[in-house]
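**Q** Take a look at the following structure, please.
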Amino acid sequence: MAGAALAMAGWVAPAAAHVTLQPADAAADSYALLTFTVPHGCEGNATKALRVKLPDGILSAKPQMKPGWKVEIKTRKLDAPARGPHGKSVAEVVDEVEWRGGPLPDNLYDTFGLIVRLPDKAGQTLYFPTVQECEQGVGRWTEIPATGQGADKLHAPAPAVRLKARSP
Ligand SMILES: [Cu+2]
């Protein structure tokens, strides 16, 4: 019954239940709420940190505040200022976001949100290499498929979002 209810609600179990990103696709050149789902720990060990590397082209990013987790935001300077949302000039962008705390036991799941401004690159897929630190062990969801290769062929695929054309 629960499976059917989830299916009806349009929730599809992430392939192999690794750290994944929803939605799978989002409109280019727009704001989006990206949700990273952590469905398990490392070989049964609880998760104590999640570190997400942001791809090029994201000119603004805001991570979710999560009770019990400390958020650290690392930035990097752009080689040349870019024209950001509302025509603002952007010289520094978020490079990496880390949530540390919990811990999140292996028998529970949790989600970590990130509001971003997606670049005007319809048709491209953006990858967010993610490191899951556990009380023992680490999960490196950082593999990016080669051109023409399916992400389902990878052992530890990086969470990704496909950019689609913005509807007029
Ligand atoms: Cu998994």
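**Q** Ignoring everything except DSSP H segments at least 4 long, calculate the 222 nm mean residue ellipticity for the chain; use -39,500 (n - 2.57) per segment, divide by total residues, nearest 500.
**A** Calculated from helices alone, the mean residue ellipticity at 222 nm is -1000 deg cm²/dmol.
**Q** Taking +1 at the Cβ of each Lys and Arg and -1 at the Cβ of each Asp and Glu, which of Ile115, Val90, Trp141 sits farthest along the dipole of the chain towards its positive end, judged by Cα position relative to the Cα centre?
**A** Val90
**Q** Thr142's amide H: which non-local residues (gap 5+, or another chain) put their own amide H closer than 5 Å, with H modeled 1.01 Å from N in plane and none for Pro or chain starts?
**A** Here the answer is Thr130, Ala158, since their amide H atoms fall under 5 Å of that of Thr142.
**Q** Give the peptides 63-74, 103-114 in descending order of average Cβ contacts within 10 Å, highest first.
**A** So the order, starting with the most tightly packed, is 103-114, 63-74.
**Q** Within the set Lys77/Lys164; Lys53/Lys153; Lys48/Lys121; Lys70/Lys153, which residue pairs have Cα atoms separated by over 32 Å?
**A** In this structure, Lys48/Lys121; Lys70/Lys153 lie more than 32 Å apart at Cα.
**Q** How compact and how long is the stretch 61-142, expressed as Rg and Dmax of its alpha-carbon atoms in Å?
**A** 15.5, 46
**Q** While we're on this one: Just how many % of Cα pairs in the chain lie over 30 Å apart, if you round to the nearest whole percent?
**A** Of the Cα pairs, 18 percent sit more than 30 Å apart.
**Q** Per residue of the stretch 159-166, in order, report the coupling 6.51 cos²θ - 1.76 cosθ + 1.60 (Karplus, θ = phi - 60°) as ³J(HN,Hα) in whole Hz, putting x for Gly and Pro.
**A** So the J values, rounded to whole Hz, are x, 9, 9, 8, 8, 10, 4, 6.
**Q** Could I ask something else about it? How much FRET efficiency would the formula 1/(1 + (r/R0)^6) give for Arg166 and Ser89, where r is the Cβ-Cβ distance and R0 is 25 Å, rounded to 0.05?
**A** Plugging the Cβ-Cβ distance into 1/(1 + (r/R0)^6) gives 0.65.
**Q** Obtain the nm distance between the two label points defined at Gln124 and Lys66 by a simple spin-label model: each point lies 7 Å from its Cα along the Cα-to-C-beta direction.
**A** 2.7
**Q** Once you keep just the Cα pairs under 8 angstrom separated by 6 or more residues, what percentage relative contact order results for the chain?
**A** Reported relative contact order: 32 percent.
**Q** Provide the per-residue ³J(HN,Hα) series for the stretch 83-95, in order, calculated from phi with Karplus coefficients 6.51, -1.76, 1.60 and θ = phi - 60°, each as a whole number of Hz, with x at glycine and proline positions.
**A** 8, x, x, 6, x, 6, 7, 10, 10, 9, 10, 6, 9
Read-outs throughout are calculated quantities, based only on the coordinates presented, and are distinct from any laboratory measurement. Given the structure is predicted, the values throughout are model-derived calculations rather than measurements. As a convention, Cβ positions derive from the backbone with ideal geometry for all residues, glycine included, and neighbour counts pool all protein chains shown.
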